[in-house]
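The values are calculated or read from the model by the stated rules, or taken from the named source; none is laboratory data. This one's a predicted model, so the numbers in the text were calculated from it and none came from an experiment. Positions of Cβ are backbone-derived with ideal geometry, glycine not excepted, and every protein chain shown enters the neighbour counts.
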Amino acid sequence: MKLITFEEAGLFHLGVQTEQGVLDVEAAIADKPELSLAPVPSTLREVLNGGEAALKALQEFVNDVLVDGGGSYFKAEDSLSFGPCVPDPGKIICIGLNYRRHAEETGMPIPEYPILFNKFSNALTGHGVEVPLPRSSQKVDYEAELGIVIGRTAKYVSEEEALDYVFGYCIANDLSARDLQQRTSQWLAGKSCDKFSPIGPYLVSKDEIVDPNLLNIKCTVNGELRQSSNTSDMIFNCQQIVSYISQCMTLSPGDIILTGTPEGVVLGYLPEKQLYLKHGDVVTVEIEQLGALTNRMVNE
């Protein structure tokens, strides 16, 4: 399933992409109560907390609605105001220098262990939302990334079973203010500026992704290709990342892991060729099977 979070009247609603449009789940449950004899999750949090049983109940309800016929609860995707595909993660955990060619372009050694840092909820935003360029930075960079969304509580899990704890995957742009990031050895200041973590448009359940470690990933700025790679270039793959983090802390449903970015970021260019993001730039991140995430940069 492709799950969508959209905003109406200041509230986030759960949507499901279908052949008839985006199904407003809450509205459909209210309009078709006879189709929901068993409990059907009406919010993304209920889906995440309910695990496979909740996802199955939601899928069955969507199928029944499609058979029953259309209604006002189907919406055109281009009419939606997207929220972050997971609006309330407990944790946003990021992996630094996790693509071999990206580490090489920045002149950094290949990490022996995954490099962990974090973002906060203020950094979250959705597809199509304008991102403010902070007044305190002149060097905002893009970073196309695959996001992992946890679906089950995970602690001390093995690599072999790690993906069993994943709910699904999404696209992310780990925007980075390089001048703030590089002031100290800790990267937080340059990573958690407001709306510096667009995610979406979809949260795609893991059953739709054959192999998260073999997905094409790219980033364009104003239509110009800047990054083009494949998740197979990750130094630590999805299984290793989930397992490693679970040795350090408990992962909970809805936690987001951003798995690192490939080569092609502005930071990797020679100084005289570095053109950082400016007002009006449109950044699109695309990942195979997950869609495309687009945001426009604006002066704060």
Check your understanding: Say we look at the range 111-147 and pick out the residues that are more than 20 Å from the chain's Cα centre (by Cα) and hydroxyl-bearing (Ser, Thr, Tyr); which of these is surrounded by the fewest Cβ atoms within 10 Å (Cβ to Cβ)?
Key -> Tyr113
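In the range 73-98, what residues are farther than 30 Å from Glu8 by Cα and modelled with pLDDT under 95?
Correct list: Gly96, Leu97.
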Review point. In the range 178-206, how many residues are touching a residue at least 12 places away in the same chain (Cβ under 8 Å), not aliphatic (A, V, I, L, M) and not in a loop (DSSP other than H, G, I, E, B)?
Key: 11
**Study point:** Residue pairs meeting the criteria (Cβ under 6 Å; at least 6 apart or on separate chains; first closer than 11 Å to Lys218 by Cβ, in the range 275-300; second in a strand (DSSP E or B) and charged (D, E, K, R))
**Key:** Glu286/Lys218; Ala292/Glu286
Point to revise | Breaking point among (1) under 21 Å from Ile115 (Cβ atoms); (2) surrounded by fewer than 23 Cβ atoms within 10 Å (Cβ to Cβ), for Leu258 | key: (2)
Review point. Can you name the residue in the range 46-68 that is surrounded by 18 or more Cβ atoms within 10 Å (Cβ to Cβ) and either β-branched (Val, Ile, Thr) or not assigned by TED's automatic domain parsing to the domain that holds Val25 (or both) and, of all such residues, is nearest to Arg152 (Cα to Cα)?
Key: Val47
Practice item. Check every one of the helices (runs of 4 or more DSSP H) wholly within the range 1-110 and list those with 2 or more residues that are under 17 Å from the mean Cα position of the chain (by Cα). Key: 44-68
Revision key, fill the gap. Filter the range 184-226 for residues that are out of contact with any strand residue (DSSP E or B) (no Cβ under 9 Å at 6 or more places or on another chain) and under 18 Å from Lys139 (Cβ atoms); the one that is surrounded by the most Cβ atoms within 10 Å (Cβ to Cβ) is Thr184
